[in-house]
Amino acid sequence: MKNYQAKVDHYTTLCQSNKSTWQSINPEFASRMSLQNRFKTGLDIAKYTANIMRQDMAAYDADNSQYTQSLGCWHGFTAQQMMMAVKKHQKTTKRSYVYLSGWMVAALRSEFGPLPDQSMHEKTSVASLIEEIYTFLKQADARELDHLYRELDDAISQGKQTQEIISRIDNFETHVVPIIADIDAGFGNEEATYLLAKKMIEAGACAIQIENQVSDAKQCGHQAGKVTVPHEDFLAKINAVRYAFLELGVEEGIIVARTDSLGASLTQKIPVSKTPGDIASQYTAFLETTVVDNIDELNDGEMAIKLDGQLRKPTRLDNGLYQFKEGSEKARVILDCVTSLQSGADLLWIETEKPNVSQIAELVNSIKEQVPDAKLVYNNSPSFNWTLKFREQVYAQWQAQQKDLSHYPDPSHDPKALMSPELDNTELAREADLLVQNFQKDGAREAGIFHHLITLPTYHTAALSTDILSEGYFGELGMLAYVRDVQRQEIRREQASVKHQDLAGSNIGDTHKEYFSGENALKAGGSANTMNQF
């Protein structure tokens, strides 16, 4: 990216070459507008952010403390506020991404209204949300740069040195960061997956997460009834996504292969084995079957397959789905992950039923025996009761250590007893909270977790903050509920949102009007603007 003065010089030459017809164009203003819109297309963003992710993956391989994080966002504004907060408090956006959750698209963005996470929402809404998120992130750039330009103009008008301000402009760090985007199970066959992946990449996605469930029977990862597909079906969709990246010139694009096999006990079809020991036969070997000693044991419409030299009848439900053997879950996860990594995926996602570093590490370490650089994207899911699960872990550890637990309720008698608010300030609760606090560091170090994300946090924060405000505002507090618990907190935290006009682009608009119309510009700012109260 050209620095500020190089941009000015470029536009000065360009304006001079157009002589009298461009007399009203100010080269410095043109350079500012060019710099505030660094990314002209979604593909520019996808290429830029894919390179960032590749660098981050290499950095993690060299030092597993260098893991990355994201929060799931359902609107461009929530993504913008997240990255503005990260930049303000952490002083950099490095290793911070945005996660786009299919669950939240279904629940909050569908024209059908709120939907469960079953791929029933409009698939184009996924790509539309990616575009919206990047529109808001680019606007955050424009706003912050506009403030720097105003600061520069003030310094020039006062005859002050400008080198330090120009240096901040030249070294400006964008709010545009990688998005890991959820394509569910691909929304149809492999051609449908390819077409949607293209739309997502064109909108700016550099990383696409796809899962091995049946597309038309897709379920939320933390609900029952999940049905997986044979590996050949899933790998076809991984290929479809890779071809989409390559067609659009995003050669560094990342594919996150998700397996739901840990919680899935069903499959829709039995793959055809072509050679002994191939991936199809391995998948089939996981099926629950019974030996058929005599062909007459089969009823009309039933089927049998030959496994290990025996004729066997797969357990088939009334809906036609086939049952996997109980206890095969971990082996299926490992096979899924190894096969995906060896067939074009870059990162793994293992959907688990609880947040437990030891459990995750057991799976990942088995995968690493075959693919040493295997890395995980892990869902720090709000579907987990984090408080309960970590208190259970501490209770079990202390029980094994024969520590005195007489002051605590026995969870074997009441599974939710450890959730009691009366325990919040106990030693057990503090130890559990410390494990929660260190979960991401521990997971990155011990379980190969490169990226930690929370799928739908902003769903919950919106619900919680609205509940708190509504309780007070419509109750005894009245206006104090907003003033004390919202606006005053924004002021104390120096949040940009307290000046909502500026955040929404009012000052940027005034700046541009001045560029376009000069002294004739009708501007929204000035002494009468109530933003001056803050």
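No lab work stands behind these numbers, since they all come straight from the coordinates. Everything quoted here is computed from the prediction, not taken from an experiment. Glycine also receives a Cβ, built like all others from the backbone with ideal geometry; neighbour counts cover every protein chain displayed.
Observations on the model:
- Summed over qualifying helices (DSSP H, 4 residues or more, each -39500 (n - 2.57)) and divided by its residue number, the chain shows a 222 nm mean residue ellipticity of -14500 deg cm²/dmol.
- Loop-located chymotrypsin sites (Phe, Trp or Tyr not before Pro) in region 376-458 (DSSP state other than H, G, I, E, B) with a sparse environment of at most 16 neighbouring Cβ atoms within 10 Å are absent.
- Ranked by the mean number of other Cβ atoms within 10 Å per residue, highest first, peptides 500-513, 42-55 order as 42-55, 500-513.
- Per-residue packing, averaged as other Cβ atoms within 10 Å, sorts the ranges 308-316, 462-470, 399-407 into the order 308-316, 462-470, 399-407, beginning with the highest.
- Along each principal axis, taking the top coordinate minus the bottom one, the Cα set of region 107-231 gives 70, 31, 25 Å in descending order.
- Here the calculated FRET efficiency for residue 306 and residue 58, from their Cβ-Cβ distance with R0 = 51 Å, stands at 0.65, rounded to the nearest 0.05.
- Cα Rg over Rh - region 386-448, Kirkwood: 1.00
- The Rg/Rh ratio for region 219-281, using Cα coordinates for both the radius of gyration and the Kirkwood hydrodynamic radius, is 1.06.
- Relative contact order %, the chain, counting alpha carbon pairs below 8 Å whose residues are six or more apart: 14
- Label positions at residue 110 and residue 285, each projected 7 Å from the Cα along the C-beta direction, are separated by 3.9 nm.
- In region 179-219, trypsin sites (Lys or Arg not before Pro) in a DSSP loop with at most 10 other beta-carbon atoms within 10 Å: none
- Length available on full extension from residue 195 to residue 317: 0.36 nm per residue minus the Cα-Cα distance, which gives 40.6 nm.
- Each of 42, 284, 205 was placed along the dipole of the chain (beta-carbon charges, centred on the mean Cα), and the one lying farthest toward the positive end is 42.
- Pairwise centroid distance, computed over Cα atoms, of region 460-487 with region 230-267, Å: 44
- Computed from label points 7 Å out along Cα-Cβ, the spacing between residue 519 and residue 325 is 8.8 nm.
- Long-range lysine pairs (8 or more apart or interchain), region 259-390, Cα under 18 Å: 10
- Entry note, region 386-448: relative contact order of 41 percent, from Cα contacts under 8 Å with a spacing of 6+ residues.
- Distance between the C-alpha centres of region 86-137 and region 3-29: 39 Å, rounded to the whole angstrom.
- In nm, spacing of pseudo-spin labels at residue 529 and residue 470 (7 Å Cα→C-beta vector): 3.4
- Within straight-line cross-link reach of residue 40, lysines at Cα separation under 22 Å, skipping those fewer than 8 residues along the same chain: 2, 7, 94, 138, 198, 199, 513
- Averaging the sequence gap over all C-alpha pairs within less than 8 Å and six or more residues apart, then dividing by the number of residues, gives region 104-238 a relative contact order of 25 percent.
- Restriction of the trypsin sites (Lys or Arg not before Pro) in region 407-511 to DSSP coil positions whose beta-carbon has at most 15 other beta-carbons within 10 angstrom yields 416, 493.
- The spacing between region 332-370 and region 173-222, judged by their C-alpha centroids, is 19 Å.
- Anchor residue 88: aspartates and glutamates whose Cα lies under 12 Å away (excluding residues fewer than 8 positions away in-chain): 144, 173, 494
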